[in-house]
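Quick notes on the structure that follows.
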Amino acid sequence: MAFWSSQKLEAHLARLTNDPDPTIIDCNALTLRVGPEYYVTPGLEHPSPRTHTKQALDAGQAMTIPPGQFAFLLTEEKITIPPEVMGFISVKATYKLKGLVNVSGFHVDPGWSGRLIFTVFNAGPSTIHLERRLPVFLLWIADLDAPSEKR
């Protein structure tokens, strides 16, 4: 298994994402941005958690994740993982150092197509502020020894 270089990512960018902008390539990973929807788990101040729903984010609109809360963050980009590779996901170090921890898992299956949902937890002492289209996530691509028949 070999991880893709920046050159290989650039050569296959149009195949991997609906937004083939070469500036999203960061060393040997794709930088993904906060997308159009999010959900933050309700705190104790919400009398009825059942009425707490996902929220839409307009371009440039901000959202917050309070300390001790989970959030589901949709990516701006739609990703397609070809059957001969798999993806590995992470939160950028800038946000990890603030306490944002990825708890959604760390891979993207061969054959996946669509937006990614990052489940994160704010383990830090302060509220984390994000906004739509902010580059927060990383996606690495690695070759498999053969195309995956199971998807």
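The values are calculated or read from the model by the stated rules, or taken from the named source; none is laboratory data. Given the structure is predicted, the values throughout are model-derived calculations rather than measurements. All Cβ positions, even for glycine, are placed from backbone atoms using ideal geometry, and neighbour counts span all protein chains on display. The protein model used for the area step is the full one, side chains on, heavy atoms only, and it has no ligands, DNA or RNA in it. Shrake-Rupley method; radii C 1.70, N 1.55, O 1.52, S 1.80 Å.
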Per-residue HN-Hα couplings for the stretch 83-93, Karplus 6.51 cos²θ - 1.76 cosθ + 1.60 at θ = phi - 60°, whole Hz, x for Gly and Pro? x, 9, 9, 9, x, 10, 10, 7, 9, 4, 4
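List the chymotrypsin sites (Phe, Trp or Tyr not before Pro) within the stretch 106-151 that DSSP assigns to loop and that have no more than 12 neighbouring Cβ atoms inside 10 Å. Present the calculation step by step, with values, prior to reporting the outcome.
Details: sites: PHE106, TRP112, PHE118, PHE121, PHE137, TRP140; in loops: PHE106, TRP112.
For chymotrypsin sites (Phe, Trp or Tyr not before Pro) across the stretch 106-151 that sit outside H, G, I, E and B with at most 12 neighbouring Cβ atoms in 10 Å, the list reads PHE106.
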Which residue, GLU131, GLU76, GLU84, tops the fluctuation ranking in a GNM of the chain built on C-alpha contacts under 10 Å? GLU84
Would you mind computing, in nm to one decimal, how far apart the modelled labels at GLN69 and ASP109 are, each placed 7 Å from Cα along Cα→Cβ? 3.1
Amide H neighbours of ILE79 under 5 Å, counting only residues 5+ apart in sequence or on other chains, H built in-plane at 1.01 Å? GLY114, ARG115, LEU116
What is the helix-to-structure angle for 6-16, meaning the angle in degrees between its Cα long axis and the longest Cα principal axis of the chain, kept from 0 to 90 and rounded to the nearest 10? 70
With just the Cα atoms of the stretch 96-151, tell me how far they stretch along each of the three principal axes, in Å, largest first. 45, 20, 15
Looking only at ASN122, ASN18, ASN102, which one moves most when the chain is put into a Gaussian network model with springs between Cα atoms under 10 Å? ASN18
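For the chain, what is the mean residue ellipticity at 222 nm derived from helices alone (per DSSP H run of n ≥ 4: -39500 (n - 2.57); sum divided by total residues; nearest 500 deg cm²/dmol)?
On the way: 2 runs with 15 residues, N = 151.
One gets -2500 deg cm²/dmol as the mean residue ellipticity at 222 nm.
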Where a Cα-Cα gap under 30 Å defines reach, which lysines qualify for LYS54, not counting those fewer than 8 residues away within the same chain? LYS78, LYS92, LYS96, LYS98
Specify the residue with the greatest mean-square fluctuation among LYS92, LYS78, LYS54, computed from a Gaussian network of the chain linking alpha-carbon atoms under 10 Å apart. LYS54
For the stretch 49-92 the translational diffusion coefficient, Stokes-Einstein from a Kirkwood Rh over Cα pairs at 4 °C and viscosity 1.567 mPa s, in µm²/s, is roughly 92
Hey, can you grab everything whose amide H is under 5 Å from the amide H of GLU37? Only 5+ residues off in sequence or another chain; H modelled, so Pro and N-termini drop out. LEU57, LEU74
If you average 1/r over all unlike Cα pairs in the stretch 29-151 and invert the result, what Kirkwood radius do you get in angstrom? 15.2
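Suppose all protein chains stay in the model; what accessible area per residue would a 1.4 Å probe give for the chain, in Å²? Could you put the intermediate results ahead of the total?
Working: 8190 Å² over 151 residues.
It amounts to 54 Å² per residue over the chain.
Would you work out what percent of the accessible area of the chain, with all protein chains in place, is carbon or sulfur (probe 1.4 Å)? Numbers along the way, then the final one.
Details: 4540 of 8190 Å².
Answer for the chain: carbon and sulfur cover 55 percent of the accessible area.
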How large is the direction-averaged shadow of the alpha-carbon convex hull of the stretch 1-101, in nm²? 8.4
